[in-house]
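The structure under discussion appears below in the form of structure tokens.
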2 protein chains.
Amino acid sequence: MKESTKFPLAESEIPTAWYNLGADLELALAPPLHPRTFEPLGPDDLAALFPPSLIEQEMTRQRFIDIPGEVLDVYRLWRPTPLVRARRLERELGTGARLYYKYEGVSPAGSHKPNTAVAQAYYNRRDGTRRLTTETGAGQWGSALALGCAFFGLECTVYMVRVSYDQKPYRKALMRTYGAQVVPSPSPRTAAGREVLARDAASPGSLGIAISEAVEEAMADPGTRYALGSVLNHVLMHQTVIGLEARRQLELAGDHPDFVIGCFGGGSNFAGLAFPFIGLEARRPQIIAVEPAACPTLTRGVYAYDYGDSAGVAPVVRMYTLGHRFIPPRIHAGGLRYHGSAPMVSALVSRGEVLARAVGQRAVFEAAVRFAKAEGIVPAPESAHAVCVAIDLACEAAKTGGEPCILFGLSGHGHFDMGAYQSYLDGELEDYAYPAEAIAQAVSCLPGVSNA
Amino acid sequence: MKESTKFPLAESEIPTAWYNLGADLELALAPPLHPRTFEPLGPDDLAALFPPSLIEQEMTRQRFIDIPGEVLDVYRLWRPTPLVRARRLERELGTGARLYYKYEGVSPAGSHKPNTAVAQAYYNRRDGTRRLTTETGAGQWGSALALGCAFFGLECTVYMVRVSYDQKPYRKALMRTYGAQVVPSPSPRTAAGREVLARDAASPGSLGIAISEAVEEAMADPGTRYALGSVLNHVLMHQTVIGLEARRQLELAGDHPDFVIGCFGGGSNFAGLAFPFIGLEARRPQIIAVEPAACPTLTRGVYAYDYGDSAGVAPVVRMYTLGHRFIPPRIHAGGLRYHGSAPMVSALVSRGEVLARAVGQRAVFEAAVRFAKAEGIVPAPESAHAVCVAIDLACEAAKTGGEPCILFGLSGHGHFDMGAYQSYLDGELEDYAYPAEAIAQAVSCLPGVSNA
């Protein structure tokens, strides 16, 4: 009998409840504030944006939340996802480390994002929403929400960052295939978009601007609500199916992780993998969040109240931020471009319970190509950030003779991102290191709220 | 307990032997002929192109061929693949039919092609090959062989049909990520390519021309051999892991198919799914091969000896063919563009044991979008041909009150083919119906060999 490569779970072992880390850890999150009054937000303030059931999930202290049957029915299309022991990569690296990856790229949209998109579409339909708006950058989130809306019969409007809209027509076609309307942002449809276009008719857009537009449009129409693909508590919670499955699969493998590594943009993939290991393990692994050096929110940002969007129409939350007007350099190819970060993850980083690391993009793509040649799967550039640090640790172990068990999240495949690989293979990608002044200037643009 | 959606197999249930239908059916295949002498080919004639172990597999009458451990090690990265009951699609169609799809898009290259690419790379390395050449159209096969070569340390040169090379840069980037060299065909590197370029410097290329170039280059260098992604007996045999798994999974589902449907280009995906059901079932299902109306080899071609490539350097085989100079219309977006077909499948079609159907591309994409909205997965345009006929049969059942069990192959995902979806969504795809004279002219171009 060969040693196992995968550790499959039966369909009956898909988690039937999401895990809420907030119930187990006293994270003392600062309350989100209203973007104009800076008063703490109540459920009523959020009602224009989110349906009641998701607002309740956002605030809950309940430890486990049952996953509705209709959501499980959809999860069953691709879940449980594989946990794979990267035996070929281990051999290639000559390491004594045991490397496992949890692979979310088997979802129909090719990433982990449908775990929450499907849940959000379900609750919105149940609570009477007719249409959802959202923003997307590289397109992972937009296509996941388009998919969720197709499953539950909702209309879907996606504001897609202009530069991605032009450079990634395939992502746009995927969203349209699922029936969504895709609008390049900034657009003349919203006040926020018109304001940006008035300043710069050729604006490439940003995630923060696209959020402003999607939020504005949702607030203007009672049948329309807004969906966010990361950052918020309930979004992170929906993603915990990843870590819950991975824990069970590692148990089947007879192993226990010393390190759990996830890439970090807004925090949904990272938290989905890591939170169950943070809250439910008697022997907690070292947890590492990996972000791009070109958007170094956790490692070089400030922990402060900031707007969730560029125009200042979204709630103000306490988080690690580079300032809500931050835009990563054009040269950056690897996704994970959000200026802010999930408040729950921010709290854990500030307390030293999660380690944050930033990596340059050439190292990221070098690791991705190495992984692809050994394991076959071409990682999404986002996911490759986790691959990069996992390989670093495995090489370290090869030198020291250590034998750590390393679990990392492979949040998606890179089949929509081969343009970035092409740039890397053609030697066109450069690393970008921000001068300290550039970061200082970026983070100086914060709302006038006390951060005490 | 919910009714199951998927029917997972344990890693230990990956088939350990390929199935050779030729051992069970007396197909009386006409011998392949030398392209210049028209004498029957012996093993020696093939030795310049293929390694001894694959030539032996091509000729064997053995019923099951053990899969080498090193190949199984690679299969384990993504196999067993899912068998999914399309319950959401069934509901959407209001049909009493039970629809199952066997999904090969979970492989790292996104299609079924690695099943044979990995095996071919393994045997070539074992038999001393240093480099493999091949051709690719849309890119599924080229990226699969690039992957196989990366796993087994072989160099890989892929001749990619010029029009795809220009239109599908992402496929090219995938092959390069796996370390392959990608050459647009026709190229000035070969006599076959130079001849075409001399006639038409702007030639868009064709699969037949690319085969000529890859074969020529392999024959010119002793360390270089050639790999074909379809048509040949051993290639079809490697793909039978698909059908062998599907049979076991349907058994677990407590079901038995009345129809087995596969899309048809050269025949590898079709045969991989269908052959185990043809040769091993006491109660044989109705077997349907679905091809594009724009390349109607099985439904409008002739059953005759023809060259496998355009320039006439590849062996001459008896098969359904549209003539080796056939090029599908540019408007055709759905892959499956080969002028010929697998001799084994051709024999079964000629005997009426396999039913062939041709479908127009608008119906194909309509079915694909319907499937995507219900099941999430966006099918490769090739695979969507099978989806189209499966949906037709299910709708038929809805009318008649029948309750057939329908199994179809979903050979790959469409994430690399969203350009075709975009054309469809923009209303730019047209159906193409060949006038009878055009087909008659195409098939008139055959070698002067008796087809008695």
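The values are calculated or read from the model by the stated rules, or taken from the named source; none is laboratory data. Everything numeric here is computed off the predicted structure, so don't read it as measured data. Backbone-built Cβ (ideal geometry, glycine too); neighbour counts: all protein chains shown. Just the protein is used for accessible areas: all its heavy atoms, side chains included, with ligands, DNA and RNA removed. Shrake-Rupley method; radii C 1.70, N 1.55, O 1.52, S 1.80 Å.
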Here the qualifying pairs (Cβ atoms under 6 Å; residues six or more apart or on different chains; first in region A:429-447 and closer than 13 Å to A:Pro292 by Cβ; second among the hydrophobic types (A, V, I, L, M, F, W, C) and modelled with pLDDT of 90 or more) come out as A:Tyr432/A:Ala294
Checked region B:199-228 for anything surrounded by 24 or more Cβ atoms within 10 Å (Cβ to Cβ) and in a loop (DSSP other than H, G, I, E, B); matches are B:Gly205, B:Ser206, B:Ala227, B:Leu228
From the option list B:Val106, B:Val118, single residue qualifying as in the same structural domain as B:Gly243 (by TED's automatic domain parsing) and under 28 Å from A:Gly412 (Cα atoms) is B:Val106
Kindly evaluate A:Arg85 against the criterion of being charged (D, E, K, R), away from chain B (no Cβ under 14 Å) and either buried (at least 19 other Cβ atoms within 10 Å of the Cβ) or more than 30 Å from B:Leu83 (Cβ to Cβ) (or both).
no
Considering region B:186-195, residues that are touching an Asp or Glu at 6+ places or on another chain (Cβ under 9 Å) and part of a helix (DSSP H, G or I), and then whichever is nearest to B:Asp166 (Cα to Cα), we arrive at B:Gly193
Restricted to region B:5-19 and to residues being open to solvent by 40 Å² or more (accessible area, probe 1.4 Å) and in a loop (DSSP other than H, G, I, E, B), the residue farthest from the other protein chains (Cβ to nearest Cβ) is B:Thr16
Over region A:80-100, the set of residues touching a Phe, Trp or Tyr at 6+ places or on another chain (Cβ under 7 Å) and farther than 19 Å from A:Phe416 by Cβ is A:Pro82, A:Leu83, A:Val84, A:Arg85, A:Ala86, A:Leu89
Counting only residues in region B:152-180 that are within 9 Å of chain A (Cβ to nearest Cβ), assigned to a helix (DSSP H, G or I) and in contact with a Leu (Cβ under 9 Å, 6 or more places away or on another chain), the one surrounded by the fewest Cβ atoms within 10 Å (Cβ to Cβ) is identified as B:Arg176
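Taking the stated definitions as given, is A:Thr240 polar (S, T, N, Q), away from every other protein chain (no Cβ under 14 Å) and buried (at least 24 other Cβ atoms within 10 Å of the Cβ)?
So A:Thr240 fits the description; yes.
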Restricting region A:20-60 to residues that are closer than 13 Å to A:Leu232 by Cα and of a type in the set (D, E, K, R), the one most open to solvent (accessible area, probe 1.4 Å) turns out to be A:Glu56
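For B:Ala367, state whether it is closer than 23 Å to B:Ile391 by Cα and free of Cβ contacts under 8 Å to residues at least 40 places away in the same chain.
On the way: closer than 23 Å to B:Ile391 by Cα: yes; free of Cβ contacts under 8 Å to residues at least 40 places away in the same chain: yes.
Yes, satisfied.
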(1) hydrophobic (A, V, I, L, M, F, W, C); (2) modelled with pLDDT under 95; (3) farther than 25 Å from B:Gln422 by Cβ all hold for B:Leu322 apart from (2)
Residues in region A:127-150 that are under 20 Å from A:Asp73 (Cα atoms) and open to solvent by less than 20 Å² (accessible area, probe 1.4 Å) total 7
B:Glu26 meets each of (1) away from chain A (no Cβ under 14 Å); (2) assigned to a helix (DSSP H, G or I); (3) free of Cβ contacts under 8 Å to residues at least 40 places away in the same chain with one exception, condition (2)
The correct count of residues that are of a type in the set (Gly, Ala, Ser) and open to solvent by 10 Å² or more (accessible area, probe 1.4 Å) in region A:315-334 is 1
When restricted to A:Gly419, A:Gly409, A:Gly448, the only residue touching a helix residue (DSSP H, G or I) at 6+ places or on another chain (Cβ under 8 Å) and away from chain B (no Cβ under 14 Å) is A:Gly409
Residue count, region A:75-109, condition more than 20 Å from A:Cys388 (Cβ to Cβ) and in contact with a Gly (Cβ under 8 Å, 6 or more places away or on another chain), comes to 5
